[in-house]
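**Q** Take a look at the following structure, please.
Every number in this text was worked out from the coordinates using simple rules, so none of it is lab data. Being a predicted model, the structure only gives us computed values, none of them experimental. So basically every Cβ, Gly included, is an ideal-geometry build from the backbone, and we count neighbours across all protein chains shown.
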Amino acid sequence: MRLSGKRALVTGGASGIGAATADRFATEGAAVAIADLDGAGADRQAAAIRARGGTATGLAADVGDDESVAAMVDRAWEALGGVDILVNNAAIPMPGTVETLAAGDWDRVLDLDLSSIYRCSRAAWPRFVAAGGGSILNTASVAGVIGMAGQHGYSAAKAGVVMLTRCMALDGAAYGIRVNCVCPGFVETPMAAAYFDAQDDPEASRAAARAAHPLGRMGQPAEIAAAFLYLASDEAGWITGTALVIDGGLTAGLPPG
Ligand SMILES: NC(=O)c1ccc[n+]([C@@H]2O[C@H](COP(=O)([O-])OP(=O)(O)OC[C@H]3O[C@@H](n4cnc5c(N)ncnc54)[C@H](O)[C@@H]3O)[C@@H](O)[C@H]2O)c1
């Protein structure tokens, strides 16, 4: 087992990529704390892991709120007897153009998709320093690497996540804190389903998304969890500050013709 003896806190762990990551980490021997705005969902995920013989606890938390984040960190460290891996994964979508996005929604997506990662990392940081190190993993997106029409707030936040990852990696290196992020293409989760369902022709939109990935399909949450597993493991002990793109070739370049 690749995470034997490790303890992980996963935000946004009630659904999608976060749930798959918590599952995979537990399967690989980690004890996990699953934090989510949907506290009941976090409890359900934790119960499912325990039912399979793993160690897991669910926490209700809002990564947009300083006090809630402080309480989340306290409770996770207490429940697991410490935390070695923090996965900053919770985020919200925010479609809209320069003309249509309300000013408050710009602030909201920057806060929940970028500042929240700083908020959670800053709350955990002194504990990682005191413990002699740790691993911080952030969920960015291909939207942080290439621009996405109609997603400028989300894209700007995710680009910020990539740069925040690099800067925190530099700050953390002296303390043994590794900081990395992943940049997924479209992944089949409830967030992606809601995006497609909101389009005029959801099936055509799904087909276009599949076609945009040279490998001809969207990703699965387990495929992102596998990358997080590698980056969290001791095998990645010399990797910090990286943004690992996992996108079926979406950002590799233009297709033939
Ligand atoms: N699905 C995709 O195509 C895709 C692609 C690239 C990146 N991502 C990123 O992956 C991450 C996970 O997305 P997903 O697709 O699994 O979405 P999801 O909606 O299935 O899961 C997101 C989870 O985050 C939780 N959450 C939202 N706001 C929160 C808050 N303020 N505090 C705590 N928890 C909160 C939600 O309750 C939900 O359980 C996000 O960072 C997203 O931006 C997703």
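**Q** Determine whether segment 174-193 contains at least one residue that is of a type in the set (S, T, N, Q) and either loosely packed, with under 14 Cβ neighbours inside 10 Å or under 19 Å from Asp234 (Cα atoms) (or both).
**A** Taking every residue of segment 174-193 in turn, at least one turns out to be of a type in the set (S, T, N, Q) and either loosely packed, with under 14 Cβ neighbours inside 10 Å or under 19 Å from Asp234 (Cα atoms) (or both).
**Q** Next up: All but one of (1) in contact (Cβ under 8 Å) with a residue 24 or more places away in the chain; (2) within 29 Å of Asp84 (Cα to Cα) hold for His152; state the number of the condition that does not hold.
**A** (2)
**Q** Only one of these conditions is not met by Thr240: (1) in a helix (DSSP H, G or I); (2) touching a residue at least 24 places away in the same chain (Cβ under 8 Å). Which number is it?
**A** Unmet for Thr240, out of (1) in a helix (DSSP H, G or I); (2) touching a residue at least 24 places away in the same chain (Cβ under 8 Å): (1).
**Q** Of all residues being touching a residue at least 24 places away in the same chain (Cβ under 8 Å) and more than 10 Å from the ligand (Cβ to nearest atom) in segment 93-102, which is farthest from Ala30 (Cα to Cα)? Just the residue, please.
**A** Checked segment 93-102; the qualifying residue farthest from Ala30 (Cα to Cα) is Val98.
**Q** Report the residue count in segment 22-79 for those that are of a type in the set (Phe, Trp, Tyr) and under 21 Å from Asp113 (Cβ atoms).
**A** Of the residues in that region, 0 qualify.
**Q** State which residue is surrounded by the most Cβ atoms within 10 Å (Cβ to Cβ) when the search covers only segment 1-47 and only residues that are in a loop (DSSP other than H, G, I, E, B) and among the polar types (S, T, N, Q).
**A** My answer is Ser15.
**Q** From Asp113, Asp23, Asp74, Asp84, grab the single residue that is closer than 27 Å to Gly172 by Cβ, more than 9 Å from the ligand (Cβ to nearest atom) and in contact with a Lys or Arg (Cβ under 7 Å, 6 or more places away or on another chain).
**A** Asp84
**Q** A follow-up question, please. Restricting the search to segment 59-71, which residues are of a type in the set (A, V, I, L, M, F, W, C) and either within 13 Å of the ligand (Cβ to nearest atom) or surrounded by 24 or more Cβ atoms within 10 Å (Cβ to Cβ) (or both)?
**A** Leu59, Ala60, Ala61, Val63, Val69, Ala71
**Q** Another question, then. May I ask you to say which residue of Asp105, Asp111 is over 18 Å from Gly12 (Cα atoms), surrounded by fewer than 23 Cβ atoms within 10 Å (Cβ to Cβ) and among the acidic types (Asp, Glu)?
**A** Asp105
**Q** Going through segment 48-92 one residue at a time, which ones are in a helix (DSSP H, G or I), over 19 Å from the mean Cα position of the chain (by Cα) and touching a residue at least 40 places away in the same chain (Cβ under 8 Å)?
**A** Within segment 48-92, Arg75, Trp77, Ala79, Leu80 meet the criteria.
**Q** Considering only residues that are buried (at least 24 other Cβ atoms within 10 Å of the Cβ) and not small (Gly, Ala, Ser), look in segment 129-147 and name the one that is nearest to Leu80 (Cα to Cα).
**A** Here the answer is Ile136.
**Q** Quickly run through segment 103-128 and pick out the residues that are of a type outside the set (S, T, N, Q) and in contact with a strand residue (DSSP E or B) (Cβ under 7 Å, 6 or more places away or on another chain).
**A** Of everything in segment 103-128, those that are of a type outside the set (S, T, N, Q) and in contact with a strand residue (DSSP E or B) (Cβ under 7 Å, 6 or more places away or on another chain) turn out to be Asp105, Ile117, Cys120, Ala124, Phe128.
**Q** When only residues in segment 221-237 that are touching a strand residue (DSSP E or B) at 6+ places or on another chain (Cβ under 7 Å) and touching a residue at least 60 places away in the same chain (Cβ under 8 Å) count, which is surrounded by the fewest Cβ atoms within 10 Å (Cβ to Cβ)?
**A** Pro221
**Q** Keeping to segment 37-58, report how many residues are near the ligand (Cβ under 9 Å from one of its atoms), in contact with a Ser or Thr (Cβ under 7 Å, 6 or more places away or on another chain) and under 19 Å from Trp77 (Cβ atoms).
**A** Residues flagged as near the ligand (Cβ under 9 Å from one of its atoms), in contact with a Ser or Thr (Cβ under 7 Å, 6 or more places away or on another chain) and under 19 Å from Trp77 (Cβ atoms) within segment 37-58 amount to 0.
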